[in-house]
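A.B. asks: My questions all concern the structure below.
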Amino acid sequence: MAAKSFVKLPLTFALSGVLVACSSGYQANGPVGLGKPVTENQIKAWNIDVGPNGAGLPSGSGTAATGEIIYQQKCASCHGDKGQGGISNRLVGGGGLNTDKPVKTVGSFWPYATTIFDYVKRAMPHQAPQSLTDDQVYALTAYILYMNKIISTDEVMNAKSLPLVKMPNRDGFIPIVK
């Protein structure tokens, strides 16, 4: 009985303290001294989104032949040497999506080739995102498209050609009408 009182008393004080702290009405009315100001150039460096129509694609170019070398150095350890998957997602194949267990890959599911560029540029390799040059990203995008038998090994991907690549599942989505 006495032991329960020793537990209840500190718990009561702790709860009272939390209630007082939460109901104090303190509000910050200005900088709280956390973080640091962001410059326009820093914001611009992070504004790298690419639209389905290719808006936002930078200059540069690459082919699957060049992309294969980069892929083996920076991507194969996670996605497999042929894009078959490994510790990370499979990138190649997948087949039809009208099955009980569809396999969604870049080749079977993604509707726009420009999205591959956007994702690779923004997030890959996972241990060093945004470390690839635009030429390297174009080359990797070309290699992923090539592994999925969407383009040939010598087709050049750049800001003009990439939006023209028709992905197998481009028409597999229901458009949103606003």
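The values are calculated or read from the model by the stated rules, or taken from the named source; none is laboratory data. The structure displayed is predicted, hence computed values, not measured ones. Heads up, the Cβs are rebuilt from the backbone with ideal geometry, glycines too, and the neighbour counts pull from every protein chain shown. Note: areas computed on protein heavy atoms with side chains; ligands, DNA, RNA excluded. Shrake-Rupley method; radii C 1.70, N 1.55, O 1.52, S 1.80 Å.
A.B. asks: Among the residues of the stretch 69-83, is any open to solvent by less than 70 Å² (accessible area, probe 1.4 Å), under 21 Å from Ala55 (Cα atoms) and in a loop (DSSP other than H, G, I, E, B)?
C.D. replies: So far as the stretch 69-83 goes, no, none of its residues is open to solvent by less than 70 Å² (accessible area, probe 1.4 Å), under 21 Å from Ala55 (Cα atoms) and in a loop (DSSP other than H, G, I, E, B).
A.B. asks: Give me the pairs, please: first residue somewhere in the stretch 44-70 and of a type in the set (S, T, N, Q), second residue anywhere and part of a loop (DSSP other than H, G, I, E, B), beta-carbon distance under 8 Å, and either six or more positions apart or on two chains.
C.D. replies: What qualifies is Ser59/Ala159; Ser61/Val156; Thr63/Thr153; Thr63/Asp154; Thr63/Glu155; Thr63/Val156.
A.B. asks: In addition: For the stretch 142-163, which residues satisfy the criterion of being part of a helix (DSSP H, G or I) and farther than 17 Å from Gly107 by Cβ? Outline the logic, then answer.
C.D. replies: First pass over the stretch 142-163, keeping only residues part of a helix (DSSP H, G or I): 142-147, 162-163.
Pro163, the sole residue that qualifies.
A.B. asks: For the stretch 117-167: of the residues being among the aromatic types (Phe, Trp, Tyr) and under 20 Å from the mean Cα position of the chain (by Cα), which is most open to solvent (accessible area, probe 1.4 Å)?
C.D. replies: Per the criteria, the residue is Tyr119.
A.B. asks: Does Gly54 meet the test of being over 27 Å from Gln127 (Cβ atoms), open to solvent by less than 90 Å² (accessible area, probe 1.4 Å) and modelled with pLDDT of 85 or more?
C.D. replies: It is true that Gly54 is over 27 Å from Gln127 (Cβ atoms), open to solvent by less than 90 Å² (accessible area, probe 1.4 Å) and modelled with pLDDT of 85 or more.
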